[in-house]
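Engineer: One structure, pasted below without further comment.
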């Protein structure tokens, strides 16, 4: 909302700097985004059009001779409204004007001497838009005749405008008087209300026109006056200036007055040419489905049955509270006028305007459910101005059809102790009365509180807390004390899902991986790239996705992680070790989807940063597996890695992760990404190793088995002995098979493969595996003989079951 | 003063001469071998100091006492210097040859948390320490929790503050991506009784075109405290403490009137940043209707709620110029935090 300071000053004296005023309005809830100073432009002065001649080479251009006080200039002008004798805003070469043809707001251009269709233009006649004081660019701005030639334009148009970002609860501040009332309460300077008294000399209004409300649920009040014998013409300069100062265009005196009152008081109005209203009878009714109406913008609108129409007995004549109809529009020949000031149902009005994509200044106000009291005030104010400005005879009385009478909440009960209960600050009764009084509330003191009447301009007030806010914002939030939160802290509730995610996130980060966060949405095609299992639920579709790339909620993190690998592969030279712990959305078609927490990570590129003492080999399966092992160790989960299949991964290089305990539940997968999957991601790396942990499955295992809390185990203080075995086995034998056999013996406390070798010295089809076994008994010191005996046993089992032989050095 | 002849190659040294020689030679002993030979030479059983002491026997008692005391002091002194040098040479491995200490060390690879996670944790921890417990809620949410129970009725202009992405479903038209973390206010109150103190981080979504300062996908951190006797002054106290912890104790903070349908009075908390006031969070006293919708007696309980954007705070503090970096997952961005 733009509030010109000169306009605001009509209703309240401002005895502080504009910066102070802006600050105090902001603190009180009406945030002043900027103080715009418009109209002050160097090299633009009042010019006088001496002559208008056709352009020799262009039909739509004219050559205009302008007297600008210090000489004459010939400018080429394309505006249709330029005419001899006008006072205009003349910009000479060098003036910096708004670029009227740029979509970028606030873009300026410096006026240069230029040839237009062969004729040199010595400057320009400016439009409202070029001057930066409004949007209108249909023609040049025509100044009042009284403007003195050569006067800098700033002296005529210069204005400071408060640009206020209004909150949706304050439709009163969509009128300058509403803002003035806040200023008055803040500064304790009295409010000067606009005059609404008019002189009625005509016949009884009811003898000239009738109004009937057929659908009282959508029209709570309809007031109207009739003015006969008006002179339609241009508005007086002050009125044009007011509208220009907020960026509105002057149309005609009558239309301008209705607009002015809307911006003054916040009540939208509409004037009909009474002679064009059939039978001078207005009916407010729902449209019939498919009924057509040509609106003021000359567009034919097809209406729906829930849209409220202003009609005469034959046809629609206006879309209630949205836009008038062309058939009853005020024209130059209009003499008799019926002026409408009504209260329409907010939600219905909003739906109609949205349905027809007709956002208007009227709807901006009506949608906030204005109070019925405002319509009569707006009517009286506009009627007074019409009689003053456009002349004519005002009919006696007003038409007032008021089905909503008595149905609005009238007052709010405010207990004085309620204020302290909410604010934590005691405010004296006298101060409450003054503060609310200055905001225009009538208070009726009653016992230990007040019955507070809701003013007609404040539809947002309905409960005592609303009044508490009114008091607090005027007293100032700064004056409310600061206290620490006291009282009982609530009982702690466990959050196992969140705790597990945080723990896994920390473990992966400590393992050297970088956390990433991706958009939670994707596309079916995008997810298909990672070959989701057939049993995956269908994706949750979005009705209005932000764009086609985010059409469904994701069901996997694999796609996101591979995208992350791909994008970094082109810009990042070091190791790529990334993970994400987040939610996937699984829609089972019942209620809300399951939001399942997953942890997915990937390794690609070199294993190490380039370093003088580090290998330059690429990362592989074992990096991903190692990260998983680190996480599961941290969680205290014993897992086994079984050969498995998963379409995202390369067969033979994939392990399904299961818990070792009884359930053998699957908790994840790790492997090298299949080349067919990987090739769809445009990644500039050789291969990607990836893992995925299903945190929901892990949580279930932990809860079922009571894992998670590390328990101290007394360590064995007896000496351990270690032996290294170098074995020759078939290449198909896995380390896991060897370790499993070694671990069968209770005395073996650990078995670790520490070297692998194939090639020279090892027969074809065989490999050498070096294993370190640690022997330790919990209750006695083992002798060399005992260790030797166990070792022979183990070697026999290895030989019998795996064909393993001891390597002869 | 001259001394009588001693043994070995060193003859008639004074205490001072011996000290000078010992210190000079110790300085130039640059290997453990030379250090050992220095020890033998000066402090050994057949060393020069012993020789000096032995030579005292030929002097009269008065001189013997004076020189003897001086020589014993010198022994203490030299032994102490020797000890220092031995310790020093142990630590500098004088004998094993030098290495190129400019080569980079074997730096363990440290991973790292996403800047949003870091910010969320910092924020939630500040409130955890004031008794607020962290809880989380669904990102795909019912209209009822996201709007209706928060006093944002359908078709109300207040809904314009939250442009919504809706779920496309044949059976449900009331499912959406939550536009804020505030639905957890309703859920938490519906599930439990006062006192309530929760802090709720999580992802939110808006139908909003993206640019350097707007994202359709972002995190929010919501807070709610409800109990008997909670006031606006408590709101200020809690949020001041939060601002002090996140922005430092000298940062200027202001509270001004603002409007959100689920609070009354409504608050905007801003901090001063490079001469401007930057809005950090929206807050207010929980609207009585919101308490009532959740089944709380608004005549008995009051509370306050607040919400903030961790990415916005991170942008401010870490001077990040474009919010779109957060979800680009570019390691050139992520590794800076």
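The values are calculated or read from the model by the stated rules, or taken from the named source; none is laboratory data. Nothing here was measured: the structure is a model prediction, and the numbers come from that model. Neighbour counts are summed over all protein chains in view; Cβ atoms, including those assigned to glycine, are modelled from backbone coordinates with ideal geometry.
Engineer: From (1) surrounded by 20 or more Cβ atoms within 10 Å (Cβ to Cβ); (2) in contact (Cβ under 8 Å) with a residue 40 or more places away in the chain, pick out the condition that doesn't hold for residue A:316.
Structural biologist: Of everything listed in (1) surrounded by 20 or more Cβ atoms within 10 Å (Cβ to Cβ); (2) in contact (Cβ under 8 Å) with a residue 40 or more places away in the chain, residue A:316 misses just condition (2).
Engineer: Residues that are touching a strand residue (DSSP E or B) at 6+ places or on another chain (Cβ under 7 Å) and touching a residue at least 12 places away in the same chain (Cβ under 8 Å), at least 2 per element: which helices (runs of 4 or more DSSP H) completely within the range B:268-336 meet that?
Structural biologist: B:310-318
Engineer: Just checking, how many residues over the range A:88-103 are closer than 14 Å to residue A:139 by Cα and crowded, with 21+ Cβ neighbours inside 10 Å?
Structural biologist: 3
Engineer: Right, another one. Which numbered condition trips up residue A:413, out of (1) surrounded by fewer than 22 Cβ atoms within 10 Å (Cβ to Cβ); (2) touching a strand residue (DSSP E or B) at 6+ places or on another chain (Cβ under 7 Å); (3) touching a residue at least 60 places away in the same chain (Cβ under 8 Å); (4) not in a loop (DSSP other than H, G, I, E, B)?
Structural biologist: For residue A:413, the failing item is (3).
Engineer: Just one of (1) at the interface with chain A (Cβ under 9 Å from one of its Cβ atoms); (2) in contact with a helix residue (DSSP H, G or I) (Cβ under 8 Å, 6 or more places away or on another chain); (3) under 15 Å from residue B:291 (Cβ atoms) trips up residue B:192, so point out which.
Structural biologist: Only one criterion is unmet by residue B:192, namely (2).
Engineer: If you don't mind, another one. Can you tell me which residue is nearest to the other protein chains (Cβ to nearest Cβ) among those in the range A:350-371 that are surrounded by fewer than 22 Cβ atoms within 10 Å (Cβ to Cβ) and in a helix (DSSP H, G or I)?
Structural biologist: Filtering first and then ranking leaves A:351.
Engineer: A further question on this structure: If a residue must be in contact (Cβ under 8 Å) with a residue 24 or more places away in the chain, surrounded by fewer than 24 Cβ atoms within 10 Å (Cβ to Cβ) and assigned to a loop (DSSP other than H, G, I, E, B), how many such residues does the range B:181-214 contain?
Structural biologist: 8
Engineer: Being in contact with a helix residue (DSSP H, G or I) (Cβ under 7 Å, 6 or more places away or on another chain) and assigned by TED's automatic domain parsing to the domain that holds residue A:556 narrows it down to one of A:475, A:468, A:504, so name that one.
Structural biologist: A:504
Engineer: Filter the helices (runs of 4 or more DSSP H) completely within the range B:44-159 down to those with at least 1 residues that are within 14 Å of chain A (Cβ to nearest Cβ).
Structural biologist: B:115-128, B:143-146
Engineer: Does the range B:105-127 contain at least one residue that is modelled with pLDDT under 85, farther than 30 Å from residue B:238 by Cα and either out of contact with any helix residue (DSSP H, G or I) (no Cβ under 6 Å at 6 or more places or on another chain) or outside the structural domain of residue B:27 (by TED's automatic domain parsing) (or both)?
Structural biologist: No, that holds for no residue.
Engineer: Here's another thing I want to ask about it. Please give the helices (runs of 4 or more DSSP H) falling wholly within the range A:447-539 in which 2 or more residues are within 7 Å of another protein chain (Cβ to nearest Cβ) and at pLDDT 95 or above.
Structural biologist: Answer list for the range A:447-539: A:464-475, A:496-510.
Engineer: What's the number of the only condition in (1) assigned to a strand (DSSP E or B); (2) touching a residue at least 24 places away in the same chain (Cβ under 8 Å); (3) surrounded by fewer than 24 Cβ atoms within 10 Å (Cβ to Cβ) that residue A:595 fails to meet?
Structural biologist: Failed condition: (2).
Engineer: For the range A:156-176, state whether one or more residues are more than 14 Å from chain B (Cβ to nearest Cβ), under 30 Å from the mean Cα position of the chain (by Cα) and part of a helix (DSSP H, G or I).
Structural biologist: Among the residues of the range A:156-176, at least one is more than 14 Å from chain B (Cβ to nearest Cβ), under 30 Å from the mean Cα position of the chain (by Cα) and part of a helix (DSSP H, G or I), which makes the answer yes.
Engineer: Test residue B:223 against the criterion of being outside any loop (DSSP other than H, G, I, E, B), more than 9 Å from chain A (Cβ to nearest Cβ) and on the phi < 0 side of the Ramachandran plot, and give yes or no.
Structural biologist: Spelling it out, residue B:223 is indeed outside any loop (DSSP other than H, G, I, E, B), more than 9 Å from chain A (Cβ to nearest Cβ) and on the phi < 0 side of the Ramachandran plot.
Engineer: I'm checking my understanding of the structure. Among residues of the range B:148-173 that are more than 14 Å from residue A:589 (Cα to Cα), touching a strand residue (DSSP E or B) at 6+ places or on another chain (Cβ under 6 Å) and touching a residue at least 12 places away in the same chain (Cβ under 8 Å), which one is surrounded by the fewest Cβ atoms within 10 Å (Cβ to Cβ)?
Structural biologist: B:164
Engineer: Further, regarding this structure: Would you confirm whether or not the range B:237-254 contains a residue that is within 20 Å of residue B:268 (Cβ to Cβ), more than 12 Å from every other protein chain (Cβ to nearest Cβ), assigned to a loop (DSSP other than H, G, I, E, B) and touching a strand residue (DSSP E or B) at 6+ places or on another chain (Cβ under 6 Å)?
Structural biologist: Looking for residues that are within 20 Å of residue B:268 (Cβ to Cβ), more than 12 Å from every other protein chain (Cβ to nearest Cβ), assigned to a loop (DSSP other than H, G, I, E, B) and touching a strand residue (DSSP E or B) at 6+ places or on another chain (Cβ under 6 Å), one finds at least one in the range B:237-254, hence yes.
Engineer: I'd like to check something: does the range A:264-281 contain any residue that is over 23 Å from residue A:348 (Cβ atoms), surrounded by fewer than 24 Cβ atoms within 10 Å (Cβ to Cβ) and within 33 Å of the chain's Cα centre (by Cα)?
Structural biologist: Checked the range A:264-281: at least one residue is over 23 Å from residue A:348 (Cβ atoms), surrounded by fewer than 24 Cβ atoms within 10 Å (Cβ to Cβ) and within 33 Å of the chain's Cα centre (by Cα).
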